[in-house]
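Heads up: the structure comes next, in C-alpha cells.
Since every read-out is calculated from the coordinates, none of them should be taken as a lab result. The structure presented is a predicted model; accordingly, all values stated were derived computationally and were not measured. In this analysis, Cβ positions are derived from the backbone assuming ideal geometry, glycine residues included, and neighbour counts consider all displayed protein chains.
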Amino acid sequence: MAKIYGVIIIGSGPAGYTAAIYAARADLSVLVLQGYQAGGQLMQTSDVENYPGFEEGILGPEMMDKFERQAQRFGAEMQTEDVISVDFSQRPFTVRTDTGEYQSYAVIIATGASAKWLGLPNEKHLQGRGVTACATCDGFFFKGKDVVVVGGGDTAMEEAIFLTRYVNKITLVHRRNTLRASKIMQDRARNHPKINLVLESEVVDILGDESVRGVVLRNVVTGQETTVEVKGIFVAIGHKPNTDLFQGIIDMDEAGYIVPVENTMTNVPGVFAAGDVTDHRYRQAVTAAGDGCRAAIDLERWLEDQGIKVGVEDWG
C-alpha cells in the first residue's frame, strides 16, 4: 500500500524548509518536493548578512543546506523532483511529479516567486557578483559605489531610495518617457541628489567578467549608446509568483499571488500557502521562514480538528 503523508510541501526555499522543520518536529510524516532547483532564490545569493543568528553572514547556498539538513534531522523526506500537476478535488490529495505520484492529507505550497530579469547574455553569469534583484538584501555591499537601478514602478523607486543610504550615485533607467510609479514615489526619486533619472533608455549589455564594471545604455528614440561605469545593477522590473501550476484551483490576485482565506489556508481546505508565493511586499528569507512556521502550525491544528493523525509511523 502506498504511503499517505501527513503533508507534502511543494518548494524548498526558507518557507518550505521551515514548514518541514515544524511539521516533522510535530511528528507528522513530511515529504518535501524540492524541485530540481532546490533552495529557492537564496541559491543565487552570495552573502546573506541580515538573517538573525549568523553574525558573520553566510552564503545563500550554505544557509539552504543547513535548513535542509535540519528538516531531515527531524525526519522530513526530500525528493528533488518537479511537480507537474496536482489534484486537490478529494483527500488524500494527489501530487504528481515528472517521475512519480504522491499522496497526502494536507499540502503546503511554498513555490516562491521569481525575479523578472532583463534577459541579457551576461546577466545570469554576473548574478551575485554585481547583478541583483534585491536592494534590501544586497545594498550594503555597494557602499560608496555607483550603481544602476532598472525599472519605472514603485518597486524601482523604493529600491533606488533605499540604496541612497549606501551608494555614491544611482542611475535610474526606464525605457519609457514617463514613470509608472505613484506620484509621491516619483517625487522622492526625482528630488534626491543621489538619483539621476534616465528615461527612454534601456540596458542592452552588462560589462564585466568576474564582477560588474559597467552597463551599456541605448536611447530607444535615437538609438545612441553610452557606457556607464558602475559596480552594480539592481533589476527592479517586478517578480512573478511561481503559481502557474495552481491556476484555476487556488484563489489568486491579478498578479498571480495566492490569497489565503484564513491565516495561511487557501480556498481549498487542507491546502496552505507560505512565503513569497503569497508575499509581494517583503520578499525576505526571514519573513518567508516565518510564513513556513505559521503554515505548519495551522496545518497541524487543522489535521487535529479533522481527526486525522498521520505520523511518521502511520500509513494510509
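Quick notes on this one:
- Chain lengthening between SER114 and LEU199 when straightened (0.36 nm per residue, less Cα-Cα): 28.0 nm
- Relative contact order of the stretch 172-316, pairs being alpha-carbon contacts under 8 Å that are 6 or more residues apart, as %: 12 percent
- Between ASP244, ASP27, ASP82, the residue with the greatest mean-square fluctuation in the GNM of the chain (Cα pairs under 10 Å linked by springs) is ASP244.
- All lysines inside 29 Å of LYS116 as judged from Cα atoms, apart from same-chain residues fewer than 8 positions distant: LYS66, LYS124, LYS143, LYS145, LYS169, LYS183, LYS194, LYS231, LYS240
- Taking the number of Cβ atoms within 10 Å of each Cβ as an exposure proxy, the fewest-first ranking of GLU254, GLU101, GLU123 is GLU254, GLU101, GLU123.
- For the stretch 185-316, the Kirkwood estimate of the hydrodynamic radius, built from every pair of different alpha carbons, is 19.2 Å.
- Relative exposure of TRP117, TRP302, judged by other C-beta atoms within 10 Å (fewest first): TRP117, TRP302
- ARG301-VAL221 FRET efficiency (beta carbon distance; Förster radius 41 Å; 0.05 resolution): 0.10
- With 10 Å bins beginning at zero, the pair-distance distribution over Cα atoms of the chain amounts to 6, 26, 29, 20, 13, 5, 1 %.
- Efficiency of FRET between SER211 and ASP65 - r from beta-carbon atoms, R0 30 angstrom, step 0.05: 0.75
- Anchor LYS3: lysines whose Cα lies under 23 Å away (excluding residues fewer than 8 positions away in-chain): LYS309
- Overall Cα dimensions of the stretch 131-235, principal axis frame, Å, largest first: 38, 35, 21
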